[in-house]
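The values are calculated or read from the model by the stated rules, or taken from the named source; none is laboratory data. What you see is a predicted model, and the numbers here were worked out from it, not measured in a lab. Glycine gets a Cβ as well: all are built from the backbone with ideal geometry, and neighbour counts include every protein chain shown. Protein only, heavy atoms only, side chains kept; ligands, DNA and RNA dropped before computing areas. Shrake-Rupley method; radii C 1.70, N 1.55, O 1.52, S 1.80 Å.
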Amino acid sequence: MEPLSADEIRRSFVNSTKSQIKAMTLPRLFTELPWESLDYLGWRDPKAPNRGYLVVQRDAGVTGIAVNTQASGVPRRGAGLCDLCNTAQHLTDVALFVARRAGTAGREGNTVGTYICADLACSLYVRGLRELDVPQGETAPPEVRAERLANRVEGFVNRVLS
């Protein structure tokens, strides 16, 4: 992913109001992100922990998607699978994220959801740049896993846009 400015990121959101975008907290150490290792920029808002953001560079330009999740007060046991990177994680490390659809459909309350790594760091997991506690069954090389991740992220963005 190519580095983006704060303005480019804020202008990219397709499913948020101007006030929501203004209130958004950008990731800490924004200028020091490992851009070359990211298939999308994803982060949780430290001021609103149930809110997250995904920003993707696509052929049509940069697209930002605001997502929401619910914090579960009940510890869960077992493993879960991220729908984007297919990384096995503890259940507490995978969350159902819901995005309001773009345009009229979103204003009418329509949403799409998918299970994603709770820290939104799929790119780092598929490249082995972040440690995992759960044994993985995946044997594909990181380049193949990154390509699959990019395709799944594109599919999620298309569902939000449609």
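Residue check: is Gly80 in contact (Cβ under 8 Å) with a residue 24 or more places away in the chain, small (Gly, Ala, Ser), in contact with a helix residue (DSSP H, G or I) (Cβ under 6 Å, 6 or more places away or on another chain) and open to solvent by less than 20 Å² (accessible area, probe 1.4 Å)? For Gly80, the condition - in contact (Cβ under 8 Å) with a residue 24 or more places away in the chain, small (Gly, Ala, Ser), in contact with a helix residue (DSSP H, G or I) (Cβ under 6 Å, 6 or more places away or on another chain) and open to solvent by less than 20 Å² (accessible area, probe 1.4 Å) - is met.
Residues that are within 26 Å of Gly128 (Cβ to Cβ) and modelled with pLDDT under 90 within the range 34-77 comprise Arg76, Arg77, listed in sequence order.
The set of residues in the range 122-155 being closer than 19 Å to Val55 by Cβ, touching a Phe, Trp or Tyr at 6+ places or on another chain (Cβ under 9 Å) and of a type in the set (A, V, I, L, M, F, W, C) consists of Cys122, Leu149, Ala150, Val153.
Of everything in the range 12-30 that's more than 22 Å from Val98 (Cβ to Cβ) and in contact (Cβ under 8 Å) with a residue 12 or more places away in the chain, which residue is least open to solvent (accessible area, probe 1.4 Å)?
So the first thing to find is which residues in the range 12-30 are more than 22 Å from Val98 (Cβ to Cβ), and the list is 28-30.
Now drop any that are not in contact (Cβ under 8 Å) with a residue 12 or more places away in the chain, which leaves 28, 30.
Details: Arg28: 196, Phe30: 37 Å².
Here the answer is Phe30.
Taking the criterion of being under 25 Å from Pro142 (Cβ atoms), of a type in the set (A, V, I, L, M, F, W, C) and surrounded by 16 or more Cβ atoms within 10 Å (Cβ to Cβ), the residues of the range 31-66 that qualify are Leu33, Leu38, Leu41, Trp43, Leu54, Val55, Val56, Val62, Ile65. Within the range 120-134, residues that are over 13 Å from Ala146 (Cβ atoms) reach partners that are among the aromatic types (Phe, Trp, Tyr) with beta carbons closer than 7 Å, at six or more positions or on different chains, in the pairs Leu120/Trp43; Leu132/Tyr125. Scanning the range 84-102 for residues that are surrounded by fewer than 19 Cβ atoms within 10 Å (Cβ to Cβ) and touching a residue at least 60 places away in the same chain (Cβ under 8 Å) gives a single hit, Asn86.
Considering the range 109-162, and only residues there that are among the small types (Gly, Ala, Ser) and open to solvent by 70 Å² or more (accessible area, probe 1.4 Å), the residue that is nearest to Ser37 (Cα to Cα) turns out to be Gly137.
Do we find that Asp7 is among the charged types (D, E, K, R) and farther than 18 Å from Val67 by Cα in this structure? Yes.
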